[in-house]
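Here is the structure we will look at, set down as structure tokens.
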Amino acid sequence: MKTLLLTLVVVTIVCLDLGDSLKCYLSSTHSKDCAVGEDLCYTETWCDAWCGVRGQRVNLGCAATCPTAKPRVTVKCCSTDNCNTFPVQPKPNPRGLLSSIMDHP
């Protein structure tokens, strides 16, 4: 009887996979262990008034369910460690207003 109980305990621990949580990025360089029940990483991207200057806005994190996309917001979800990498942003045009004025005679 004790052997059966011990076997059930071991099987339960193995099935629960204790201490192994998903890791998701929170920024371009930092990730964290997700809370129990948060089995997805997500990336939300959108443009605001400054999108042409500094690129898209980005929100990264862990979630229990994939966040619902709002108008003009792109949401991507994945389920492996650090799969929600920071999106590559296009380089802004280095020419500012002053340089464009200086080009005209």
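Show the residues, 5+ positions off or on another chain, whose built amide H is closer than 5 Å to the amide H of residue 40.
Amide H to amide H, under 5 Å and 5 or more residues apart or across chains, residue 40 pairs with 63.
Can you bin the range 22-78 into rounded, prolate or oblate? Criterion: square roots of the alpha carbon gyration tensor eigenvalues sorted a ≥ b ≥ c, rounded for a/c under 1.5, prolate for a/b above b/c, oblate for the rest.
Numbers: a/c = 3.99, a/b = 1.67, b/c = 2.39.
The shape class here is oblate.
State, as an integer percentage, the relative contact order of the range 22-78 based on alpha-carbon contacts under 8 Å between residues 6 or more apart. Walk me through the numbers on the way to the answer.
On the way: 108 pairs, mean separation 21.4, N = 57.
The normalised contact order for the range 22-78 reaches 38 percent.
Each value in this text was obtained by applying a stated rule to the coordinates, not by laboratory testing. Everything numeric here is computed off the predicted structure, so don't read it as measured data.
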